[in-house]
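Bear in mind these aren't lab numbers, they're just calculated from the coordinates by the rules spelled out. If you're wondering where the values come from, they're calculated on a predicted model, not measured in any experiment. Here the Cβ positions follow ideal geometry from the backbone for every residue, glycine too, while neighbour counts run over all protein chains shown.
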Amino acid sequence: MTHIATSLVTAGRTHEGFGSVNPPIYRASTILFDSFDGFCEGYYGRTTPAYARQGNPTVFALRDALGALIDAEHTVLTSSGLSAVTIPLLALLRQGDHVLVADAVYGPTRAMCDHVLHKMGIETTYYNPMITPDDLEALIRPNTRLVFLEAPGSMTIEMQDIAGVCAVAHKHGCITMLDYTWATPLYIKPFALGVDVAIQAVTKYVAGHSDVVMGAVSARTQHFHAISKMAAMLGNYVTGDEAALALRGLRSMKVRIEQQQKNIMEVLAWLKQRPEIAEILYPPHPDDAGHSLWKKHMSGGASLCALVLNPSFTHEATRAWCDALKLFGMGFSWGGYESLIVPFRPKEVRTATAQKWESDPWCIRMHIGLEDPRDVIADLEQAFARATPFLCRK
C-alpha cells in the first residue's frame, strides 16, 4: 500500500519534458491532428481532446492526481470551487425535483439553490447539518433526487454524519453530493462513506498559495457522463498554468496542513481561556459538538474554525477588534499560507438552524496560516485590548 505522503509527491507525474520532475506546462487553444482519421476520432469519438478547452497534459496530470488520492472513478477539473458545485447540480437535477441541502453550506451554493434552481422548478429544503439519519429520512419526499452535504460547514464548521446520511439517501434512491474541501484528500475518502459525487475547491489547501481559483468534481461512473457533458456545454476551462500551480501546491499540502493544524490548536488553547469567546467551533477540538462525528469520518483536521464572540461584543467592538488585527487579512477564501478572518452573523443566512443563532451573535471565521502561533496570539491579544472600550457592560 502506498501511503498518502508518497502519493502526494508521485501522483500525476510523467516522464515527459526531458525527464523533468514536474509535468511541462502546456499553453494551447487549437489542437492539431495528424490525419483525417485522427480528427474524426477526436471530434466524434471524444477519446482525445478535440479542443484545448477539454484539457491538456498538464491539466490531466492534476486531474489524475486528485482522483487517485480519493480513489475516484472519474474526475473533472472546473474553473472554480463554485463551478464544482453548480455543474453537477445542473447535470443531475431536472424540473420538478426536490433537493435536501445542509443549512451550513457555502453561501454561493445556497444562492445557486435559492435563485437558479428555484427558477428551474427545483425545490430546496435546508436541513440541520447535525441531523440524525432517521430525522433526515422524514424530510425525503417521493421527488427528492439529491442530498447535498458539506462537512464541516463553511462558516460555522458543523460536522455531519456522512455515512449515515448517505445510507438513508441511497435507501430512497437519492444521489449524494459532498463538499469535502475542509478535509482535503488527506483526511477523508468520500466514496468509502457512500458519497456519489465529491467536490472540492482546489483553490484552498491543494493550491495552497492564494493564487489559483479552481475546483474538482469526482464521481461514480453512473453519474460522471452527465457531469462531464454539462461541464463541456457550459464552457468549463482550466489552463495549464493554473494546473501547474495547483500541482506544485499539492506536493507540499501534507506538511503545510500538518503545521497549520499544530498552529491552530495552540491558538485555540489560548482563545479557550479568553472571556471574549463564547464558543469555539472546530470539530477536532474535544469540546466541539461534532467531535465524535469528526473522529468517525476523518483522520485529521484543517486550520479553519469559527469563534462565537460573547454578547458583550457590540458592532463597534467587533469592528474595532477586526480593524486592529495586523497579521490577519480580512477576506474570503482560506487554505493558503496566511491567516485570515471573516466576521459574520449566522442568523442572517440560516433557516433550518436559525433558532440556535436567535441571539444574533457576532462570529469570526478564522483561518490560521503558517505564521508563528506566538505572533498570532500576540496579535489577537492586542486586538482584544483595542476592542475593550466598546464592549457592552450590563
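In order along region 275-286, phi translates into HN-Hα couplings of x, 6, 9, 7, 7, 10, 10, 6, x, x, 6, x Hz, rounded to whole numbers, per the Karplus curve 6.51 cos²θ - 1.76 cosθ + 1.60 with θ = phi - 60° and x for Gly and Pro. For the pair E137 and R94, what calculated FRET efficiency results from E = 1/(1 + (r/R0)^6), where r is the Cβ-Cβ distance and R0 = 22 Å, to the nearest 0.05? Working from the Cβ atoms, E equals 0.45. Of the peptides 78-85, 339-346, the ranking by mean beta-carbon count within 10 Å, highest at the top, reads 78-85, 339-346. Proximity of backbone amide H atoms, modeled 1.01 Å from N, is registered between T78 and G215, A216, V217 at under 5 Å, excluding neighbours fewer than 5 places apart on the same chain.
Annotation: amide H-H contacts under 5 Å for E338 (H modelled 1.01 Å from N, sequence separation of 5 or more, or interchain): L370. Computed from backbone phi, the HN-Hα couplings of region 69-85 come to 5, 10, 6, 7, 6, 8, 9, 10, 8, 10, 6, 6, x, 5, 5, 5, 7 Hz, rounded to whole numbers (Karplus: 6.51 cos²θ - 1.76 cosθ + 1.60, θ = phi - 60°; Gly and Pro given as x). Projected over all directions and averaged, the alpha-carbon convex hull of region 4-248 occupies 13.8 nm². The distance from the alpha carbon centre of region 315-384 to that of region 207-236 is 30 Å, rounded to a whole number. Using +1 at the Cβ of each Lys and Arg and -1 at the Cβ of each Asp and Glu in region 4-248, identify which of G38, G215, A192 lies farthest towards the dipole's positive end. Positive-most Cα among the choices belongs to G38.
How big is the convex hull of the Cα atoms of region 233-284, per residue, in Å³?
158 Å³
Using a cutoff of 8 angstrom between alpha carbon atoms and counting only pairs six or more residues apart, the relative contact order for region 310-354 works out to 23 percent. Here the chain is treated with +1 on each Lys and Arg Cβ and -1 on each Asp and Glu Cβ, and its dipole about the Cα centre works out to around 100 debye. Think of each Lys and Arg Cβ as +1 and each Asp and Glu Cβ as -1; about the Cα centre, that makes the dipole of region 244-394 roughly 360 debye.
Mind checking the log10 I(q)/I(0) for region 253-390 at q = 0.12 Å⁻¹? Debye, one equal scatterer per Cα, no solvent, two decimals. Summing over Cα pairs of region 253-390 leads to -0.47.
The radius of gyration of the Cα set in region 130-199, together with its Dmax, comes out at 11.6, 36 angstrom. Only helices enter the 222 nm calculation for the chain: every DSSP H run of n ≥ 4 contributes -39,500 (n - 2.57), and dividing by all residues gives -10500 deg cm²/dmol, rounded to 500. Give the angle, between 0 and 90 degrees and rounded to the nearest 10, that separates the Cα long axis of helix 373-387 from the longest principal axis of the Cα atoms of the chain. Between the helix axis and the principal axis of the chain, the angle is about 50 degrees.
Summary value for the chain: 17 percent relative contact order, contacts being C-alpha pairs under 8 angstrom separated by 6+ residues. Note on the chain: Lys pairs 8 or more places apart or on different chains, Cα atoms under 19 Å apart, count 11. Taken as Cα centroids, region 80-135 and region 4-73 sit 31 Å apart, rounded to the nearest whole angstrom.
Count Lys and Arg as plus one, Asp and Glu as minus one, and take only other residues whose Cβ is under 12 Å from that of A198; the net charge is then -3.
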